[in-house]
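The values are calculated or read from the model by the stated rules, or taken from the named source; none is laboratory data. Note that the structure is a prediction, hence the values are computed from the model and not measured. Note that we place each Cβ from the backbone using ideal geometry, even for glycine, and neighbour counts take in every protein chain shown.
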Amino acid sequence: FFIYTGGIMAGLNDMQQQACEHVDGPLLILAGAGSGKTRVITHRVAYLMDHEGVNPLNILAITFTNKAAREMRDRVDLIVGEGADRVWVSTFHSLCVRILRRYADKIGYEKNFDIYDSDDQKSTVKSILKDFQIDPKRYPEKMFMSEISKAKEKYMSPDEFARRNAADYAATKVAEVYTEYQGRLKKNNAMDFDDLIYKTVELFEHNPDVLDTYQNRFRYIMVDEYQDTNHIQFLMVKMLARKYRNLCVVGDDDQSIYKFRGANITNILNFEKEYEDAKVIKLEQNYRSCGNILAAANAVIQHNEGRKDKALWTDQDAGEKISFDQCDTEYAEGDLVASRIKTLVRQGVGYRDIAILYRTNAQSRVLGEKMVYANIPYRVYGGTNFYARKEIKDVLAYLKVINNTTDNLYFRRVVNVPKRGIGEASLSKVESFADAYGLSMMDAAARADEIPGMAVKTSGKIKQFATLIQSFRDMLQDGESLDAVYDRILEDTGYESELIAEHTEESMTRLENIDELRNKVVEFVDENEEAGLSEFLEEIALVSDLDSMSEDDNQVKLMTLHSAKGLEFPYVFICGMEDRVFPSGMALNSDDPDALEEERRLCYVGITRAMKKLYLSAARERMMHGNRISSDVSRFIREIPPLLFEHEADMRNMAKRRETESVDRYNRGDLYSDSSYGSSYNYKPRTPGKEYGQKNPYSSYARQKSYGQPSTQPAFGKAFVVSASGKPDYEVGDRVRHIKFGVGTVENLEKGDKDYEVTVNFDRCGVRKMFASFAKLKKS
Ligand code: ATP
Ligand code: MG
C-alpha cells in the first residue's frame, strides 16, 4: 500500500496549481510540449476527489490512447490512495462504445453491435461498388472511405451530404455509396469507428433523457490533447458539458498533427469564443527536456506562421548537444543507430529508455532488422498489427458471427473457411432469400432447404454450418466459459486441424498466433468474470498495440512520430531526416501551405519527446516506393541553429552552402542528389563499426539476409525464432507433452533441412508429425 506523500499540490508550479483549483466553469490550458498539461489533468482529478469531495463517478477524463488512460488512472490512484478506478478515464471511442452498449436500441441497433475495422469497411465498400457498377479504377474504394469518414467527422448524414453535393457528379456517387454503406452496416448491426462517435451524438440529440443522464453523471469533464479533436468530438463534449459547464480542455496548437483525420485546430483556438467566461491558463515551463533539445524545438516551430506565439523555457541544464549524421543509405543509418544504442547501453542506459521514431511505418522494417542483427531487444509499435493477421481475423470473425448472427459480412468471411464446398453462387442465393424474407444470411442458412434452386447437397452443407454456429451459441447460453468455447470452435470448425494438416512453417506460425489469441481469451476471462463474448470483442476492437506498451519490457521502442505523441523517453532517435521523407513528399508538393506546417508540428512533437539526448539522422539514398531515391537533408535540420549540434562547424558549413545555392533543387524537381553537401560533416564512427564505410550499400543487407531471419514479427512482444540447430532433448520412445495434443510417445525423430521433424503418437489424437522447434514438446 503506497501513499503519495507529497500532497496533491506538491510537484506543481503556481500556474499548474491554479489550473487544479479552478473547479467551476470552463477552463482552457494552452501550453507547449512537456509543460505538464497531462500532469495537471491527473492532479486535478485527484484534487476534485480529495479536496472538493467530488464523487469519482462524476468525473470524466478523455485521453488520446487507452494507454494514457490507464496511466492516468494509476497515477490518480497513487495520489489519492483509492477510488480512482471509479473515475471514468477513457478515449472517445471507448467512452462511446460503453454508452452505446447501453442505449444502442434507442437508435435502432442491437446492443451487441459489431465494430468494423478498416478492412471490414473496405470490403463493404467494395461490394457496394460492385453492385452499383462503379469502376474502382476511376473511383477507388479508399476515396469513398475517406469521403464517408470526413462526412461523419462533420456530423453530416447521408441525406445531408446528398443535399449539399447535388451539383457535383463524383460527390453524388459518394452520396449514393454513403447511403448504401450506412444501410448495410445497420442491416449487419455494425458500426465503424467513426460511427461510434457519430451514433453517440445522434443518440444524445434524439434522446434528451439519455443525454441528461450522462450530463448528470459527468459533472466534471477533462479532455487531454484537445488540439487533435475533430468537429464531432467537439460536439459531443459540448453536449455533455452543457448543463454544468465544468469543462477543462488542455492542448497545444503546435502539436496538432491529425488534420488528415479531421482534427480541427480551431476547436482549441475558438474555445474562448465558445465559452466566453473561460479561464485561460498558459504553462510556460518545460520539465521534460534539457536546454539544447528545447531550444531546437522552439527554433523549428518558430518557422510556422499563424501560430500563437509561446515561449517555453526550462531551468534544466543545456545538457548534451544534438547529434546529426547523414549516412549513405538507410541500412547504414540503421547500423549507426544500433551502434549508438549499444554504446548507450554500455554506459548503463536501459533499452527501455530509448525510442526510435520515424515518419513512415515502412521505415520500421530496416530499423527493426538492424536491431535483430545487433541483438538489441526491441518492439515495433503500430506495425503489422497482430489483430490484422489472417488467422486472427478468421477466428475473430467466427466469434463475431457467434456474437451477432445478423452480420452478413462475417458470415461470408467464415462460411467457407475452411473450405466446405459452399460457392459464391450458392451464397448469392442465400443472400437473395435472406433479403426477400428480411432475414440475416445466418437465419437464411438455417432454412437453406427452403431456398429455391439450391441442390440438396449444398443446402445440406449450408444448414450444417448454421447448426454448427448455433451449437456454439448454445454453449455460451448454457454458461460455458469463453475459453472452452474458443477451443471448441477451433476444433469443430476444422480450422485448427486444417492448419495442422498443412504442416508448413507458415501454418505452424498461424497456430502459434491462434494460441496467442487463446491466451488473450483466458486472460480476459480471468480478469472479467461477469463479461461475455460481446465485451471481449469490444476490448479487441479498441486496443491498439500501443496500449500494451509496458515499462516492464526492457526493449527499445520503435514507432512513428504520430504514435509518440504525449510520450517521453530519455533518449530519442529520429531517423529519415530527409526532405521528401520528413517533411513528406506529399506535403512538399501540396498547394496547401498548412501541409508543410503540419509536418513541422510533427517535427516539434518528435523533438520534444526527448528528455536527455536527441539523435537525428538522414540517409543520402533510400528505397522509396520501389525506387532508390537520393534526398537532401531535411529542411527541419537546417532550421535548428548549428550551435546546438555536436559538430557545430560542419552544420554551419552546411547552412552556408545552402544559402549560396541559388536554386532550391526541390523546386526544380531533381530526383538525384548532387551530393553538394559532401561528406564534411558526415559522422565518422568513433567506435569502428562494421559497415559504415562500405562501398556497396546493399552488401550489408544481402549478408544479413543470409543469416536467416526470424519467421515472424514478434507477437505480443514474444520473439519467435526457429532454432536451427538445437537438438531436442527427447528421443524415440520418450513420453512427451504437447500444449494442445496432450501426452504421447515419440515414434520418430529425423533431422530435416532446417529443423528436426518429430513424429508423435498422441494418446488423445493419434499420430502427428511436426517441426521440433514449433512443437515445443516437453518430456513428461
Ligand atoms: P505533451 O505536450 O508532450 O503531452 P505535457 O504538457 O502533457 O506534454 P506532461 O507529460 O504532463 O507534459 O509533463 C512532462 C514531464 O514533466 C513529465 O515527466 C512530468 O512528470 C514532468 N512535470 C510536469 N510538471 C512538473 C512539475 N511541476 N515539476 C516537476 N516535473 C513536472
Ligand atoms: Mg500530455
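Points to keep in mind about this one:
- Close contacts from the range 342-356, counting a first residue that is within 20 Å of G606 (Cα to Cα) and a second that is surrounded by 15 or more Cβ atoms within 10 Å (Cβ to Cβ) and among the small types (G, A, S), with Cβ to Cβ under 9 Å and a gap of 6+ residues or different chains, come to A355/A564; A355/A610; I356/S364.
- Residue that is farthest from Y226 (Cα to Cα) [pool: residues in the range 11-35 that are in a loop (DSSP other than H, G, I, E, B) and near ligand 1 (Cβ under 9 Å from one of its atoms)]: G11
- L476 vs. criteria free of Cβ contacts under 8 Å to residues at least 12 places away in the same chain, surrounded by 15 or more Cβ atoms within 10 Å (Cβ to Cβ) and either more than 29 Å from K186 (Cα to Cα) or not polar (S, T, N, Q) (or both): no
- Selection count where residues are within 11 Å of V223 (Cα to Cα) and more than 13 Å from ligand 2 (Cβ to nearest atom), scope the range 237-252: 3
- Selection within the range 594-632 - away from ligand 2 (no atom under 16 Å from the Cβ), of a type in the set (A, V, I, L, M, F, W, C), buried (at least 23 other Cβ atoms within 10 Å of the Cβ) and assigned to a strand (DSSP E or B): L614, L616, A618, A619
- Among the residues listed as Q227, Q233, the single one being within 25 Å of I301 (Cβ to Cβ) and within 16 Å of ligand 1 (Cβ to nearest atom): Q227
- Of the residues examined, F132 is one that is away from ligand 1 (no atom under 16 Å from the Cβ) and in contact (Cβ under 8 Å) with a residue 12 or more places away in the chain.
- Matching option when the condition is more than 16 Å from ligand 2 (Cβ to nearest atom) and at pLDDT below 95, among V89, V76, V45, V97: V97
- Evaluating T266 against the criteria (1) within 26 Å of E598 (Cβ to Cβ); (2) surrounded by fewer than 24 Cβ atoms within 10 Å (Cβ to Cβ); (3) in contact (Cβ under 8 Å) with a residue 12 or more places away in the chain leaves one unmet condition, (3).
To keep it simple, each residue is scored yes or no on (1) more than 27 Å from the chain's Cα centre (by Cα); (2) modelled with pLDDT under 90.
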| position | (1), (2) |
| --- | --- |
| K310 | yes, yes |
| K321 | yes, no |
| E330 | no, no |
| A338 | no, no |
| L367 | no, no |
| V372 | no, yes |
| I376 | no, no |
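- In the range 485-508, the residues that are of a type in the set (S, T, Y) and in contact with a helix residue (DSSP H, G or I) (Cβ under 8 Å, 6 or more places away or on another chain): Y486, T493, Y495, S497, S507
- Here G7 meets each of (1) among the small types (G, A, S); (2) modelled with pLDDT under 95; (3) within 16 Å of ligand 2 (Cβ to nearest atom) with one exception, condition (3).
- Flag if G34 is at pLDDT below 95 and either aliphatic (A, V, I, L, M) or farther than 26 Å from I232 by Cα (or both): no
- Sub-6 Å Cβ pairs linking a first residue in the range 198-224 that is away from ligand 1 (no atom under 16 Å from the Cβ) to a second residue that is hydroxyl-bearing (S, T, Y) and in a helix (DSSP H, G or I), at least 6 apart or interchain, are L203/Y103; V210/Y103, ordered by first then second residue.
- Here F573, F536, F569 are screened, and the one residue that is modelled with pLDDT of 90 or more, within 16 Å of ligand 2 (Cβ to nearest atom), on the phi < 0 side of the Ramachandran plot and not aliphatic (A, V, I, L, M) is F569.
- Top-ranked residue in the range 18-43 [being among the β-branched types (V, I, T) and in contact with an Asp or Glu (Cβ under 7 Å, 6 or more places away or on another chain); ranked as nearest to I293 (Cα to Cα)]: T38
- Helices (runs of 4 or more DSSP H) fully within the range 444-515 counting 3 or more residues that are over 28 Å from Y387 (Cα atoms) and among the charged types (D, E, K, R): 456-477
- Selected residue (criterion: modelled with the highest pLDDT) from residues of the range 100-125 that are outside any loop (DSSP other than H, G, I, E, B) and among the aromatic types (F, W, Y): Y103
- Residue within the range 441-450 that is within 28 Å of R102 (Cα to Cα) and in contact with a Lys or Arg (Cβ under 8 Å, 6 or more places away or on another chain) present: yes
- Taken over the range 208-236, the criterion of being within 16 Å of ligand 2 (Cβ to nearest atom), touching a Gly at 6+ places or on another chain (Cβ under 9 Å) and not in a helix (DSSP H, G or I) is satisfied by V223, D224, E225, T229.
- Candidates E52, E71 - the one that is part of a loop (DSSP other than H, G, I, E, B) and either more than 10 Å from ligand 1 (Cβ to nearest atom) or surrounded by fewer than 22 Cβ atoms within 10 Å (Cβ to Cβ) (or both): E52
- Within this structure, F92 passes the test of being under 30 Å from R217 (Cβ atoms) and of a type in the set (A, V, I, L, M, F, W, C).
- Every residue from the range 253-299 that is in a strand (DSSP E or B), within 16 Å of ligand 2 (Cβ to nearest atom) and over 15 Å from F234 (Cα atoms): I281, K282, L283, Q285
- Residue check, R101 in contact with a helix residue (DSSP H, G or I) (Cβ under 9 Å, 6 or more places away or on another chain) and surrounded by fewer than 18 Cβ atoms within 10 Å (Cβ to Cβ): yes
- Among the residues of the range 237-265, the ones that are farther than 24 Å from I607 by Cα and among the β-branched types (V, I, T) come to 1 in all.
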